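Accompanying notes for the structure given below.
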Amino acid sequence: MKIGYRFASLYFVITLIILLIFSLSVYFGMQRILLNTLDENLRFVVDSVEENYDPATDKFEYMDKEPEEADPFLEYYVVIYDVSGRPIYKSAIAQKVSLKLPLSDRQTTRGRTTRITVKEAVQWVHPDRGGEITFRAFNRKIYYKDRQIGWVTIARPIEGIDESLNKLAFVFSIAILGTVILIALGSYFMTKRVLFPIDIITRKANQISHENLNERIRNVRSNDELGALAATLNGLLDRLQNAFESRRQFMADAAHELKTPLAVLRAHWEEELNNPALSMVIKEKLTHDIETLSRMNHLINNLLLLSQTENLQSNFTFHPVRLDSIIQEVALDASVLSDLKSQTLRTE
């Protein structure tokens, strides 16, 4: 996998995780806020029950009313117990369903969520398709001037909260889906944009060889790490160009320096071959040395030619060459050696 795809995938995954964490935090935070608000409402209702206790009759004003006559608890599940734990009042919902919450000596201030199945229709209650209702409920002791007068179990259906949370979850799902698409496209184009200078550097580096070491990477002008990378590669190319030029210059200088003494030696020994005072053995040795000098001169010419062909700034002009003249020149050089060996050299 290319680094661009890996970078885009990593950016996409990290952004998606952040988005999911944010969405879940908002969802559960909203859920907690709604439930805390409902708990506060339930505590307010319990406080109102406690305030409506009549110590003279040891009753609550709700007990003398008909179940549905001006009942302030039509939307609530309310059961009031006396100190012995016997229920003395039930709201309309509590007369139809039973939550079966155990009475506790602990003074709870936070409710708990419970689900029950309803077998018959109940006013103010809207069960789901499975016939189940979710309640937010808790029970608490109630007092009159520091004297316990009983317990209150209170609950309220939270289908409205569930509906709101379901709508919120649906909105978040659509938003996350759209955001995921935008993140995918954005990460792809952003990665492509960020890595575009690397493509420029790669293409230009592949185009540079020993024939065009004078070229440089010039399209990356950013001041970030990519700009530093381009500058580093340009510095490397400068050093390579200097090294190649030094090598070519050394080869050319060495060829020129060696060519002159070899020419002098060859001229001197060719002149000595015409000396009648030298014996044939000496002349044969001189002839062998002249052949060696010819090979060395040929090698030097090749080195000089190589240094010229590697010169980046060299401009060669090619033209037709007469091979017969070159052959005649070579034959003329070789005739000296053939005469010493009493051989005849002919060209056709």
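The values are calculated or read from the model by the stated rules, or taken from the named source; none is laboratory data. Source: prediction; values computed, not measured. Here the Cβ is made from the backbone with ideal geometry for all residues, glycine too, and neighbour counts use every protein chain on show.
Data for the structure
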{"quantity": "Condition check for Val46: farther than 20 Å from Leu185 by Cβ, assigned by TED's automatic domain parsing to the domain that holds Tyr81 and of a type in the set (Val, Ile, Thr)", "calculated": "yes"}
{"quantity": "Qualifying residue in the stretch 153-161 (condition: in contact with a Phe, Trp or Tyr (Cβ under 6 Å, 6 or more places away or on another chain), crowded, with 17+ Cβ neighbours inside 10 Å, assigned to a helix (DSSP H, G or I) and aliphatic (A, V, I, L, M))", "calculated": "no"}
{"quantity": "Candidates Asp39, Asp58, filtered to the one that is over 21 Å from Tyr144 (Cα atoms) and among the acidic types (Asp, Glu)", "calculated": "Asp39"}
{"quantity": "Test: residue in the stretch 204-212 that is of a type in the set (Lys, Arg) and either surrounded by fewer than 16 Cβ atoms within 10 Å (Cβ to Cβ) or closer than 30 Å to Arg110 by Cα (or both)", "calculated": "no"}
{"quantity": "So Val171, is it of a type in the set (Val, Ile, Thr), at pLDDT below 85, out of contact with any Cys (no Cβ under 9 Å at 6 or more places or on another chain) and on the phi < 0 side of the Ramachandran plot", "calculated": "no"}
{"quantity": "Residue check, Gly150 closer than 26 Å to Ser98 by Cα and either surrounded by 18 or more Cβ atoms within 10 Å (Cβ to Cβ) or without any contact (Cβ under 8 Å) to a residue 24 or more places away in the chain (or both)", "calculated": "yes"}
{"quantity": "Answer from Ala137, Ala94 - the residue that is touching a Phe, Trp or Tyr at 6+ places or on another chain (Cβ under 6 Å), surrounded by 12 or more Cβ atoms within 10 Å (Cβ to Cβ) and hydrophobic (A, V, I, L, M, F, W, C)", "calculated": "Ala94"}
{"quantity": "Residue match in the stretch 195-202 (condition: at pLDDT below 85, β-branched (Val, Ile, Thr) and assigned by TED's automatic domain parsing to the domain that holds Ala92)", "calculated": "no"}
{"quantity": "Residue list for the stretch 32-73, filter: at pLDDT below 80 and within 30 Å of Ser164 (Cα to Cα)", "calculated": "Glu68, Ala70, Asp71, Pro72, Phe73"}
{"quantity": "Qualifying residue in the stretch 160-175 (condition: farther than 30 Å from Thr114 by Cβ and assigned by TED's automatic domain parsing to the domain that holds Lys100)", "calculated": "yes"}
{"quantity": "Flag for Gln249 being in contact (Cβ under 8 Å) with a residue 12 or more places away in the chain and either surrounded by 15 or more Cβ atoms within 10 Å (Cβ to Cβ) or in contact with a strand residue (DSSP E or B) (Cβ under 6 Å, 6 or more places away or on another chain) (or both)", "calculated": "no"}
{"quantity": "Residue match in the stretch 184-198 (condition: touching a Gly at 6+ places or on another chain (Cβ under 6 Å) and part of a helix (DSSP H, G or I))", "calculated": "yes"}
{"quantity": "Any hit, the stretch 271-291, residues being touching a helix residue (DSSP H, G or I) at 6+ places or on another chain (Cβ under 8 Å) and of a type in the set (Gly, Ala, Ser)", "calculated": "no"}
